[in-house]
Each structure stands twice: as structure tokens, then as C-alpha cells.
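The values are calculated or read from the model by the stated rules, or taken from the named source; none is laboratory data. Note that the coordinates shown come from a computational prediction; the quantities given were computed from them, not determined experimentally. Cβ placement follows ideal geometry from the backbone for every residue including glycine, while neighbour counts extend to all protein chains displayed. Accessible surface is based on the protein model in full, side chains and every heavy atom, while ligands, DNA and RNA are left aside. Shrake-Rupley method; radii C 1.70, N 1.55, O 1.52, S 1.80 Å.
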Amino acid sequence: MKVAVYSSKSYDREFLCAANSSAAHELRFLDVRLSPETATLATGAEAVCAFVNDDLGEPVLQELAKRGVKLVALRCAGFNNVDLEAACNLGIRVARVPAYSPYAVAEHTATLILALNRKIHRAYNRVREGNFALDGLLGFDLQGKTVGIVGTGKIGQAFTRIMAGFGCSLLANDLRPDPACEALGATYVSREELFRRSDIVSLHCPLTPETHYMIRSETLPCLKRGVMLINTSRGAVVETRAVIRGLKDGTIGSLGLDVYEEEGDLFYENLSDRFIPDDIFARLLTFPNVLVTGHQAFFTREALTNIAETTIANISAFVACGCANHEVSIEKIAGQGR
Ligand code: NAD
């Protein structure tokens with residue numbers, strides 16, 4: 001099958017080509033993001049392969065359908081960037097990689113917590129400049145602290161297991177409580193109670209209308225003062241302007257982000273010779289108690305292998321029987337909390 005692979009980087013090429021060696025689909029790698037302006041580049045392809053910041057809204061899907069595209073193969077788990085209703089109406093199937101390595105994201109979440117707490121980002125720079133003073137680097141023991149986990153699906157559960165290992169008290173919130181997380185010591189409580197009691201709040205739910213701006217001006221006062229807030233889910237679960245105010249008045253003690261609501265224009269590009277065009281993001285970077293990574297939580301060798309293999313298998317299944325292995329549709333997600 002002819003596949004236009006949008007937003008592809010050198011590592012995507014490496015892992016997809018390896019996974020495609022026996023399937024032999026015709027992969028056309030494109031550096032650009034999928035958008036209304038770049039959709040025409042899919043001409044001649046029957047499938048497009050897309051990533052987290054590609055635009056799969058109705059206008060783009062219409063353009064793709066016009067050019068004969070029948071399948072969108074996402075190389076990610078989240079599908080908040082796809083207008084599923086429009087895809088259905090246009091006869092375009094949408095497939096994703098539902099699980100590739102929950103450990104990669106859960107371990108990165110723990111990395112953000114440890115680095116923020118012990119100020120590793122600051123200590124690293126200080127030591128390299130010969131400054132061995134400890135002022136400003138004071139952290140706290142994780143042992144005994146209360147960690148609130150919003151969303152205990154695959155990643156939330158892997159994260160619960162890690163934090164249980166640190167001896168934390170675990171509070172969880174999900175539409176569907178998971179006995180496996182309870183067995184790890186997590187207690188399911190309402191979101192309000194989780195916010196009120198947690199020293200660390202970590203977000204692992206999908207972006208849905210219900211979770212959009214879960215952390216915003218009105219919910220900030222519900223958080224324990226000085227909370228460490230971690231978001232590795234999707235950027236728009238957090239209202240950035242509100243958390244900046246929270247950082248300034250001390251409501252939020254520290255902030256770890258792997259995702260950002262307007263990341264599409266920033267992440268995965270090297271802007272080091274230019275300037276950061278987003279003033280709100282630039283403001284975030286001025287806080288010493290904020291640590292941001294550019295949507296890299298998934299980025300392990302194991303995860304990229306699984307992503308590539310599942311994506312190629314999705315495309316091959318579609319060729320074989322007109323239906324990919326891991327399709328998402330409005331019917332399938334109805335009642336699943338997304
Ligand atoms: P999952 O579907 O296994 O789990 C999501 C959980 O969130 C489910 O248990 C669901 O019931 C719960 N949920 C849904 N709506 C909720 C709500 N309103 N309140 C509380 N819980 C709710 O998904 P996953 O594989 O664990 O991934 C979680 C999220 O992590 C993804 O949706 C994606 O946005 C994000 N993610 C980020 C990266 C990264 O690199 N930063 C990589 C993969 C996934």
C-alpha cells in the first residue's frame with residue numbers, strides 16, 4: 001500500500017523501515033506536519049500515517065478523501081486530533097497504536113518528579129560551573145507523600161506501581177476503578193478529594209471534552225497548596241495561563257510538563273537558532289521550579305519498535321481485509337470515557 005508518512009523524523013524512518021521490511025508497503029516520508037496546506041502531498045497515497053500534532057480535522061480529512069485516502073494510521077495512542085465523525089462520514093478508517101510501552105511514559109513521569117523534587121536541572125548546571133552550594137536545591141522525601149493519579153489506564157497503572165515502590169500513599173481517580181491499582185495500594189476517591197489531599201498530582205487521562213482544562217483557574221484552589229503538578233497526558237488537560245498564576249502565587253509548588261496545549265508549533269522542531277514564538281510558553285520557562293520536556297515521554301527504543309510494528313500491522317490488516325487491527329471509531333469509544 002502507498003502510505004504518506006507525515007511529521008516523520010529520522011528515528012521514525014529507521015523504525016518504520018525495519019518493521020516494514022517484509023510487508024514492503026511503499027512508505028513516502030514527509031518532514032512536514034499534516035495540515036490543510038500539506039494534505040495535497042498525500043496525492044497518490046491510499047493511507048496516511050500521522051502523529052500527535054498532525055491536524056486531522058474535517059477540512060484535512062475532506063482533502064485526503066478527495067485524493068483517495070482510505071486509512072489514517074496513527075502512530076500514537078491518543079486520537080484527540082482526529083475528527084472521528086468526519087472520518088466516518090468520508091469513509092476513512094482510523095487506526096492507532098493503543099499500547100506500545102506504558103512503562104516508557106510512566107518512567108518518564110517518575111523522572112520528572114525526581115528531577116523537579118531534587119532540582120537536578122539546576123544542580124547539573126551549577127556543578128558544571130563549579131558552584132557546589134546547596135541553597136535552593138532542597139527537596140523532600142517521596143516516602144510517605146500522597147500521590148494522586150488521575151486516569152489509571154495502562155500508563156496510570158504502570159505509574160502507580162512505580163510510586164508504590166517509593167512508599168507513597170496512592171490516591172486514584174478514574175471513571176472505571178481498576179482492581180489491579182487497588183491491589184497496588186491505591187484508593188479511589190473523587191477528583192476533588194484527590195486534589196485536596198495529594199502532594200503530587202499526576203495526569204494520565206485522555207484529552208476529552210470532560211478533561212479539557214481539568215486544571216484551570218476555578219480548580220486551582222481545590223489543590224493542596226504547594227502541590228507538584230505533573231502532566232504527561234495531553235497539553236490541554238491543563239490551562240497554562242492558570243498554572244502560571246498558580247506558580248506565581250505559590251498554589252503550585254512545582255510543575256513538570258511533557259505536553260503543552262499549543263505544542264504543535266514548538267515541539268519536535270529545533271528552534272535554537274530562532275526564538276520561541278509563544279510568549280506563554282516562554283514565560284513558563286522562566287520559572288526555576290518548572291521542568292518541561294518536548295513530548296518525549298514515549299521515546300524509548302522499545303516503544304518505537306512497538307509503534308512501528310503495530311502501525312505496519314494495522315496497514316497490512318487493512319490491505320488484507322479492509323479493516324485495521326486497532327481501529328477507533330465513534331461507536332467504539334462511546335462509553336469508554338473518551
Ligand atoms: P488508557 O486508555 O489505557 O487510560 C486512560 C484512562 O483514563 C482510562 O482508565 C480512562 O477510564 C481514564 N479516564 C478517561 N476519562 C477520564 C476522566 N474524565 N477522569 C478520570 N479518568 C478518566 O490510556 P493510556 O495508554 O494509559 O494513556 C493515557 C494518556 O497518556 C493518553 O490518552 C495520551 O493522551 C497520553 N500519552 C502521552 C504520551 C507521551 O509521550 N507524553 C504517550 C502516550 C500516551
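Within region 123-150, take every residue that is part of a helix (DSSP H, G or I) and aliphatic (A, V, I, L, M) and give me the one that is most open to solvent (accessible area, probe 1.4 Å).
127
Where strands (runs of 3 or more DSSP E) sit wholly within region 219-338, none has at least 3 residues that are over 20 Å from the mean Cα position of the chain (by Cα) and surrounded by 20 or more Cβ atoms within 10 Å (Cβ to Cβ). Summed over region 199-224, the residues that are within 16 Å of the ligand (Cβ to nearest atom), of a type in the set (Lys, Arg) and more than 13 Å from residue 238 (Cα to Cα) give a count of 0.
Yes/no per residue for (1) in contact with a strand residue (DSSP E or B) (Cβ under 8 Å, 6 or more places away or on another chain); (2) among the hydrophobic types (A, V, I, L, M, F, W, C); (3) assigned to a helix (DSSP H, G or I):
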| position | (1), (2), (3) |
| --- | --- |
| 171 | yes, yes, no |
| 176 | no, no, no |
| 181 | yes, yes, yes |
| 192 | no, no, yes |
| 195 | yes, yes, yes |
| 205 | yes, yes, no |
| 208 | no, no, no |
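Any chance region 124-143 includes a residue that's touching a Ser or Thr at 6+ places or on another chain (Cβ under 9 Å), in contact (Cβ under 8 Å) with a residue 24 or more places away in the chain and more than 16 Å from the ligand (Cβ to nearest atom)? Scanning region 124-143, I find no residue that is touching a Ser or Thr at 6+ places or on another chain (Cβ under 9 Å), in contact (Cβ under 8 Å) with a residue 24 or more places away in the chain and more than 16 Å from the ligand (Cβ to nearest atom), so the answer is no. Residue 120 meets the conditions (1) at pLDDT below 95; (2) among the aliphatic types (A, V, I, L, M); (3) open to solvent by 80 Å² or more (accessible area, probe 1.4 Å) in every case but one. The failed one is (1).
Within region 1-42, the set of residues being within 25 Å of residue 266 (Cα to Cα), aliphatic (A, V, I, L, M), open to solvent by 50 Å² or more (accessible area, probe 1.4 Å) and part of a helix (DSSP H, G or I) comprises just one member, 41. When residues in region 164-198 are screened for being within 19 Å of residue 224 (Cα to Cα) and either open to solvent by 40 Å² or more (accessible area, probe 1.4 Å) or more than 13 Å from the ligand (Cβ to nearest atom) (or both), 12 of them pass. Taken over region 144-163, the criterion of being among the charged types (D, E, K, R) and within 15 Å of the ligand (Cβ to nearest atom) is satisfied by 154, 161. For residue 73, the test of being within 28 Å of residue 302 (Cα to Cα) and modelled with pLDDT of 95 or more is passed. Just one of the listed residues (60, 69) is more than 24 Å from the chain's Cα centre (by Cα), over 30 Å from residue 158 (Cα atoms) and in contact (Cβ under 8 Å) with a residue 12 or more places away in the chain, and it is 69.
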